[in-house]
């Protein structure tokens with residue numbers, strides 16, 4: 001929302017942040033998301049990369065699993081449907097508008113985040129969290145097939 005960004009610019013100016021630094025922050029906010037980087041990769045400042053890594057790490061591991069199911073429940077998405085295969089996402093619009101299941105979200109986005117981390121520390125932590133999620137999805141699909 002432009003009102004929020006305008007207010008943020010006022011706060012930054014009052015705090016003495018230069019116009020250049022403010023532009024850098026706003027560019028990172030606008031271009032750090034996974035979906036914004038499907039069509040093309042946006043190069044962020046070092047600070048923007050750290051924020052991007054933190055944002056992506058929040059989507060992984062046990063907390064990421066919980067967030068995925070809460071989001072899907074809120075949007076009435078199916079948990080899993082073997083008749084709906086995961087898609088290879090090629091655009092922001094496709095990402096926002098395709099038929100999704102919670103389990104497919106792991107394949108379409110979450111498992112890919114590990115390879116998109118900027119810093120070594122984030123790569124290492126993402127690897128650990130992603131392996132935990134892969135174990136979860138393997139077990140989920142195993143139990144689904146038993147029913």
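Tabulated values for the structure
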{"item": "Contact order relative to length of the chain, as percent, for alpha carbon pairs under 8 angstrom and 6 or more apart", "result": "24 percent"}
{"item": "Tilt relative to the chain, helix 46-57 - C-alpha long axis, 0 to 90 degrees, to 10", "result": "30 degrees"}
{"item": "Rounded to 10°, Cα long-axis angle of helix 2-14 versus longest principal axis of the chain", "result": "50 degrees"}
{"item": "Burial order of peptide ranges 15-22, 107-114, 31-38 (average beta-carbon count within 10 Å, highest first)", "result": "107-114, 31-38, 15-22"}
{"item": "Degrees, to the nearest 10: 61-74 long Cα axis against longest axis of the chain", "result": "80 degrees"}
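Every number here is computed from the coordinates shown, using simple stated rules; none is lab data. Given the structure is predicted, the values throughout are model-derived calculations rather than measurements. Reconstructed Cβ throughout: ideal geometry from the backbone, glycine too, with neighbour counts over all protein chains shown.
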